[in-house]
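Step one of this worksheet: look at the structure below.
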Amino acid sequence: MFDVTLISDTIKGGVRTASFQTCGAVCSTRIDIELDGETVRSVRYTGGCHGNTQGVGALAVGMDRKDIIARLEGIDCKGRGTSCPDQLARALKML
């Protein structure tokens, strides 16, 4: 119900770049992720609360994918059942 949809997934020079469409329950519409192995290199949201999504993205840089999932999975925004951070966790679980 709140799952993200994979739009693209490529690997170039050992860096994996994936883009996801978020579910309709959150303010952001897209998440772009770069991974070097299991380590997050960058996270960029399209839409959403700009300061909050920038903050989540900045905190994720340098972290292991599984640690981010453990910290962000299940975070709820205004009783919606998901949130922009939860959507990132869902996206990372697909990679």
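Summary table below
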quantity	calculated
Per residue solvent-accessible surface (Å²) - the chain, probe of 1.4 Å	55
Share of carbon and sulfur in the accessible heavy-atom surface of the chain [1.4 Å probe, %]	52
Heavy atoms of Ser19 accessible to a 1.4 Å probe, total area in Å² rounded to 10	10
Virtual spin-label span in nm between Val15 and Thr29, 7 Å along Cα→Cβ	2.5
Extension gain from Thr5 to Thr39, taking 0.36 nm per residue of separation minus the Cα-Cα distance	10.1 nm
Charge sum, other residues only, whose C-beta stays under 15 Å from Gly62's C-beta, Lys/Arg counted +1 and Asp/Glu -1	-1
Cut-off of 10 Å, at most 14 other beta carbons, DSSP loop: longest stretch of the chain lacking such trypsin sites (Lys or Arg not before Pro)	1-77
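The values are calculated or read from the model by the stated rules, or taken from the named source; none is laboratory data. Predicted, not measured: the structure shown is a model, and the values here were computed from it. Note: ideal-geometry Cβ built from the backbone for every residue, glycine included; neighbour counts use all protein chains shown. When the accessible area is computed, the model is the full protein with side chains, heavy atoms only, and any ligands, DNA or RNA have been set aside. Shrake-Rupley method; radii C 1.70, N 1.55, O 1.52, S 1.80 Å.
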